Amino acid sequence: MEYMSDLFYAMTMPGLETLAFSEIRAAIPETELVKFMRGIALFRTTTSAENLLDLRTTEDVFANLAHIKGLRRGQDALRVLHSATLNADLAGAIASWRRAHHGARPQTWRVVSQMSGTYDFRRVDAGQAVIDALRKTMPRGIRQVEDDADLEIWLWLGGGDVLIGLRLSDATMRHRPYKRDHIPASLRPTVAASMGWLSLPTAEDIVLDPLCGAGTILTERGLLAPYQQLLGGDLQEQAIKIARRNARSADVDATLKNWDARALPLEASSVTRIITNLPFGKQIGSREENEALYTALIQEFDRVMGPDGLMVSLTSEDRLWDRILQEHGWRTQKKVVFVVLGQPASIFVSGRA
């Protein structure tokens, strides 16, 4: 059981754990990985807590209070959870929270419980074991509430591992303030940032999102690293209006146009990166339509992509897109499978063979 005060964990979309940790390691080189779990990267670092809140591929960041390995399923498990919480460095975690929140003094607290798998107790019972311990150790003047607490202590149980952590981030880490307008099938900002990260960004990039929707991919790429130009377009005029508002709100300079991605008004070999979310054929389109659409798109992507360019594409039509890429001379260098909107999807990182 670990209580080290320099332990933190990042919560991500399930399947993006290693990618999120690669961003953490790039930002804070001395960071040491402890363990990957489903949707979680547990790590040790001596950096100040507020430095972790600038991560873009992470949904939430926690100061670790306890990591329990191989929790047994019997009723003794509740006593283990209670004891682990009692012995945790709560004062150190609260100090990290205060640094992350510019010295603010917390007034309220609550416990959030998450559990996957089968145990001999209910999720609410596990949460209550943690609550009972915190009532003994929480500093005076910080009162327990049901919702909207300053301090959120999260209990996570999965696969025999248990994490008890104090959430350092708030809702703005996963729900970016710039994204005021949405459209159906709009991409989560952390996934868009992950795609930008996989594109191996450089300051010379001319980035194209030919199916830009609400502009999340281009906006996140613009916030992630320097670039030469951001280009995007969509068949729907309303989407372009929303994308422009979102990019402007984030202070990102992007050129956005109303177009058909199957006939792009761009010169041959004029872009160095294509980053795009292809229609899944669920909320928008269908499997049959995607067969024809994907074929038309790859031909146009092949035309506008410059030498040694890189394409990062997202789809749930894994086999279809993989086949079309191969048939048109593209080689997939990396594929990341994760869960989005409750269904598996894949991010392809591809270049022309």
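So that you can scan it fast, the table gives a plain yes or no per residue for (1) farther than 22 Å from A214 by Cα; (2) over 26 Å from the mean Cα position of the chain (by Cα); (3) not in a helix (DSSP H, G or I):
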residue	(1), (2), (3)
A247	no, no, no
D251	no, no, yes
R262	no, yes, yes
S269	yes, yes, yes
T272	no, no, yes
V312	no, no, yes
W321	yes, no, no
I347	no, no, yes
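May I ask you to verify whether R25 is surrounded by 15 or more Cβ atoms within 10 Å (Cβ to Cβ), within 30 Å of V336 (Cα to Cα) and among the basic types (K, R)? Even if it seems obvious, please write down each step before you answer.
Values: surrounded by 15 or more Cβ atoms within 10 Å (Cβ to Cβ): yes; within 30 Å of V336 (Cα to Cα): yes; among the basic types (K, R): yes.
Answer is yes for this residue.
Checking the condition more than 21 Å from A93 (Cβ to Cβ) and polar (S, T, N, Q), which residue from T57, T31, T45 passes?
Numbers: T31 fails: more than 21 Å from A93 (Cβ to Cβ); T45 fails: more than 21 Å from A93 (Cβ to Cβ).
Sole residue among the options that is more than 21 Å from A93 (Cβ to Cβ) and polar (S, T, N, Q): T57.
Given the criterion surrounded by fewer than 21 Cβ atoms within 10 Å (Cβ to Cβ) and modelled with pLDDT of 95 or more, identify the matching residue among E300, E291. Reasoning before the result, please.
Working: E291 fails: modelled with pLDDT of 95 or more.
Being surrounded by fewer than 21 Cβ atoms within 10 Å (Cβ to Cβ) and modelled with pLDDT of 95 or more holds for just one of E300, E291, which is E300.
Six or more apart or on different chains, Cβ under 9 Å: which pairs go from a residue in segment 259-273 that's in the same structural domain as I206 (by TED's automatic domain parsing) and surrounded by 13 or more Cβ atoms within 10 Å (Cβ to Cβ) to one that's among the small types (G, A, S) and part of a loop (DSSP other than H, G, I, E, B)? Could you list them?
The qualifying pairs are R273/S199.
Which condition from (1) of a type in the set (V, I, T); (2) loosely packed, with under 15 Cβ neighbours inside 10 Å; (3) in contact with a strand residue (DSSP E or B) (Cβ under 9 Å, 6 or more places away or on another chain) is the one that T46 breaks?
Tallying (1) of a type in the set (V, I, T); (2) loosely packed, with under 15 Cβ neighbours inside 10 Å; (3) in contact with a strand residue (DSSP E or B) (Cβ under 9 Å, 6 or more places away or on another chain), T46 fails exactly one: (3).
Looking only at segment 39-65, count how many residues are of a type in the set (D, E, K, R) and in a strand (DSSP E or B). Even if it seems obvious, please write down each step before you answer.
Kept after step one, since they are of a type in the set (D, E, K, R), are these residues of segment 39-65: 44, 50, 54, 56, 59-60.
Now narrow it down to the ones that are in a strand (DSSP E or B): 44, 60.
Selection size over segment 39-65: 2.
Checking the condition at positive phi, assigned by TED's automatic domain parsing to the domain that holds L52 and not polar (S, T, N, Q), which residue from G103, G165 passes? Spell out how you get there, then give the answer.
Numbers: G165 fails: at positive phi.
Answer to the selection: G103.
Given the conditions (1) surrounded by 20 or more Cβ atoms within 10 Å (Cβ to Cβ); (2) within 20 Å of I240 (Cβ to Cβ), and given that F348 satisfies all but one, which numbered condition is not satisfied?
The one condition F348 does not meet is (2).
Could you tell me whether L310 is of a type outside the set (F, W, Y) and crowded, with 18+ Cβ neighbours inside 10 Å? Spell out how you get there, then give the answer.
Details: of a type outside the set (F, W, Y): yes; crowded, with 18+ Cβ neighbours inside 10 Å: yes.
Here the answer is yes, as L310 does meet what is asked.
Among the residues of segment 165-209, what is the count of those that are modelled with pLDDT of 95 or more, out of contact with any strand residue (DSSP E or B) (no Cβ under 7 Å at 6 or more places or on another chain) and among the β-branched types (V, I, T)?
Of the residues in segment 165-209, 2 are modelled with pLDDT of 95 or more, out of contact with any strand residue (DSSP E or B) (no Cβ under 7 Å at 6 or more places or on another chain) and among the β-branched types (V, I, T).
From the list F8, F36, pick out the single residue that is closer than 20 Å to A84 by Cα and either at pLDDT 95 or above or within 11 Å of the chain's Cα centre (by Cα) (or both). Steps first, please.
On the way: F36 fails: closer than 20 Å to A84 by Cα.
Just one listed residue meets the conditions, F8.
Of the residues A88, A104, A84, A77, only one is under 13 Å from G127 (Cα atoms) and either at pLDDT below 95 or in a loop (DSSP other than H, G, I, E, B) (or both); which?
On the way: A88 fails: under 13 Å from G127 (Cα atoms); A104 fails: under 13 Å from G127 (Cα atoms); A84 fails: either at pLDDT below 95 or in a loop (DSSP other than H, G, I, E, B) (or both).
Going through A88, A104, A84, A77 in turn, just one is under 13 Å from G127 (Cα atoms) and either at pLDDT below 95 or in a loop (DSSP other than H, G, I, E, B) (or both): A77.
Across segment 58-107, which residue is farthest from the chain's Cα centre (by Cα) among those that are of a type in the set (S, T, N, Q) and farther than 30 Å from E220 by Cα?
Taking segment 58-107 and keeping what is of a type in the set (S, T, N, Q), we get 58, 64, 75, 83, 85, 87, 96, 107.
From the residues that got through so far, the ones that are farther than 30 Å from E220 by Cα too are 75, 83, 85, 87, 107.
Working: Q75: 35, S83: 32, T85: 28, N87: 31, Q107: 29 Å.
So the residue we want is Q75.
The values are calculated or read from the model by the stated rules, or taken from the named source; none is laboratory data. Since we're looking at a predicted model, the values are computed, not measured. Note that each Cβ is placed from the backbone with ideal geometry, even for glycine, and that neighbours are counted across all protein chains shown.
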